[in-house]
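Step one of this worksheet: look at the structure below.
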Amino acid sequence: MRRLSFLLTVFLLLTIFTGCGTPSIPSSAELSVELKAEIGEAWHSQFAQELLWNEGDDYKRGYARYYGTHKGMVIWFIESDTNIAATGSITVAGQEMIWGYEFDIYVYVNETICTISQAYSRELLSDKDVKQIAAIHDYYVIQKYGKKW
């Protein structure tokens, strides 16, 4: 009986902790067509380029991968569309995010676009927000490379 009680306790603890910290992986399908168009207009206005959304599980350089909406701000990742294989790294709020190529994470807020670093320095994102975004980024790193750096 004591052994069964111990095993049940361990099982319950593992069940509880497994769910904690697991990020909810957003899909770009969650963004409305209107919001994608609005962000696309802001992107074109700032960078004179079309913003293309990655709708699948593959990785396309230069395409936006939706990382979610935090406090009404839309977050996405874009791998540089250059052919230079230089590992990219961003550190924000003590969270290091690494990718196999140069990249950036963008934030759409108040009809403008800024990087995650800029949004954090302007206090638009908290440490907790950045930690959640980094967890989503880590999910994609593991999915693509099989491990986290």
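Rule-based calculations on the coordinates, nothing more; no lab input. Source: prediction; values computed, not measured. Cβ atoms come from the backbone with ideal geometry, glycine included; neighbour counts cover every protein chain shown.
Fully extending the segment from T82 to D138 would add 18.0 nm, taking 0.36 nm per residue of separation and subtracting the current Cα-Cα distance. The H on the amide N of W53, modeled in the peptide plane, is under 5 Å from the matching H of A64, each at least 5 residues off or on a different chain. Each residue of region 90-96 was assigned a 3J(HN,Hα) from its phi angle through the Karplus expression (A = 6.51, B = -1.76, C = 1.60, θ = phi - 60°), giving 10, 10, 9, 6, x, 9, 8 Hz with x at Gly and Pro.
Select from region 99-149 those GluC sites (Glu not before Pro) which occupy a DSSP coil region and have at most 13 other Cβ atoms within 10 Å, ordered by residue number.
Values: sites: E102, E111, E123; in loops: E102, E111, E123.
Answer by residue number: E111, E123.
Among 34-45, 70-81, sorting by the average number of other beta carbon atoms lying within 10 angstrom of each residue, highest first, gives 70-81, 34-45.
For region 72-149, trypsin sites (Lys or Arg not before Pro) meeting the loop criterion (DSSP other than H, G, I, E, B) and having at most 16 other Cβ atoms within 10 Å: R122, K147, K148.
For F103, nonlocal amide neighbours, meaning residues 5 or more places apart or on other chains whose placed amide H falls under 5 Å from its own, are S80, S89.
Pairs K60/K147; K36/K60; K71/K147: which are spaced more than 21 Å apart, C-alpha to C-alpha?
Details: K60/K147 19 Å; K36/K60 18 Å; K71/K147 30 Å.
Over 21 Å Cα-Cα: K71/K147.
Net charge near Y101: determine it from the other residues with C-beta under 14 Å of the C-beta of Y101, scoring Lys and Arg +1 and Asp and Glu -1. Working shown, then result.
Numbers: positive: K60, R61, R65, K144; negative: E79, D81, E102, D104.
Cβ neighbours under 14 Å give a net charge of 0.
I need to check one value: relative contact order of region 17-144, counting alpha carbon pairs closer than 8 Å and at least 6 residues apart, in percent. Please report the intermediate quantities before stating the final value.
Numbers: 180 pairs, mean separation 25.7, N = 128.
That works out to 20 percent.
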